[in-house]
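Trainee: Shown below is the structure under consideration.
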Amino acid sequence: MEKATKKQKTGATKAIGTANGHAGASNSTSMPATYPALDVSKTFDERWHTLINDAITDCKPCEVESGFEYYINEYVQNEDWKAVWKSHQFGCDVVVEVKDVCFPHAKVEIVEPFCCVPNSLGDFDKAGGDGLQLKTKDDLTTFLSDGNGKVLLLELLPVLDESGDLDGQAEVLELYRYFYTYIWRATDENDDGDYYFAMSLLQPRMKIYYDVQKKKASKAVVDSYTKIMTDYEKKHWQFKIKHEVYRGEEADRKELQKLWVEICELEKQLEKLTYKYYKGMY
């Protein structure tokens, strides 16, 4: 894969923390600049060709995750790179160092000096999340230790490397993030259909995404797609986090099942809209 020729970054942000590792008081430490979570300059054709040539090629729906695992392992450095962990569960960004990539997770350690800022990703807690808001270095370190240091790879933004050595890796992770946020559906992995994902599902989903972003679709389609996708992403992250934290606990299975039913209903709405739009019925 070709290395990116133009580095992009997000602005550095003032961190919250103190010498003893408690968030809540500002200091002089700044959150490092990162590669973008989503590169809005990427065209349909760029993403399409990379997906079908490098990532999912001739994968059936149930094989896509394995395809992405191979793609990530091929191009992403396995260890010793810094990232900002954008935690949905705790509503904060933390600078970490990646020690091992074990798709779809990565093992990380909090770096010194401790650098942590609040983010808006934990807002789903108000709508039924677990309510945990750990803000100290000790608490976060304990959480990571209890989970063998694993966090979701989707939550990691690589810290900008001025040398350019990580540009290609950042592009791979950006594509992975784009695909699993806007194209992949939670039920796809259980689809054992004998057909190629790229030929049957990829193009319609990418077309409506790009037409909505570029306002080529009607206002009714833009509004419907945006609302359904926002609700879907919110519910999907609730499910991901609860599944990670409460895996196997009987008391939370009912809540997970309820979330799953809601996710499936939103998927049906999303796919109906996508199909009708792709067929020119809107």
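The values are calculated or read from the model by the stated rules, or taken from the named source; none is laboratory data. In this text, all values refer to a predicted model and were calculated from it rather than measured experimentally. Here the Cβ is made from the backbone with ideal geometry for all residues, glycine too, and neighbour counts use every protein chain on show. Remember, those area values only see protein heavy atoms, side chains included, never the ligands or the DNA or RNA. Shrake-Rupley method; radii C 1.70, N 1.55, O 1.52, S 1.80 Å.
Trainee: Just to verify a number: FRET efficiency for K99 and M281, C-beta to C-beta distance, R0 = 51 Å, to 0.05?
Mentor: Efficiency for this residue pair is about 0.55.
Trainee: Moving on to the next point. Accessible area per residue of the stretch 153-220 at 1.4 Å probe, in Å²?
Mentor: 40 Å²
Trainee: Now for a different question. Can you give me the long-range amide H partners of C115? Hydrogens built in the peptide plane at 1.01 Å from N, cutoff under 5 Å, separation of 5 or more residues or another chain.
Mentor: Hits under the 5 Å cutoff: V95.
Trainee: When the accessible area of the stretch 178-282 is split by element with a 1.4 Å probe, what percent falls to carbon and sulfur?
Mentor: 50 percent
Trainee: A follow-up question, please. Considering the Cα positions of the stretch 205-279, please state its Rg to one decimal place and its Dmax as a whole number of Å.
Mentor: Radius of gyration, then largest Cα-Cα span, for the stretch 205-279: 15.0, 47 Å.
Trainee: Could I ask something else about it? In the structure shown, do any of K60/K99; K216/K272; K42/K215 have a Cα-Cα gap over 21 Å, and if so which?
Mentor: Too far apart for the 21 Å limit: K60/K99.
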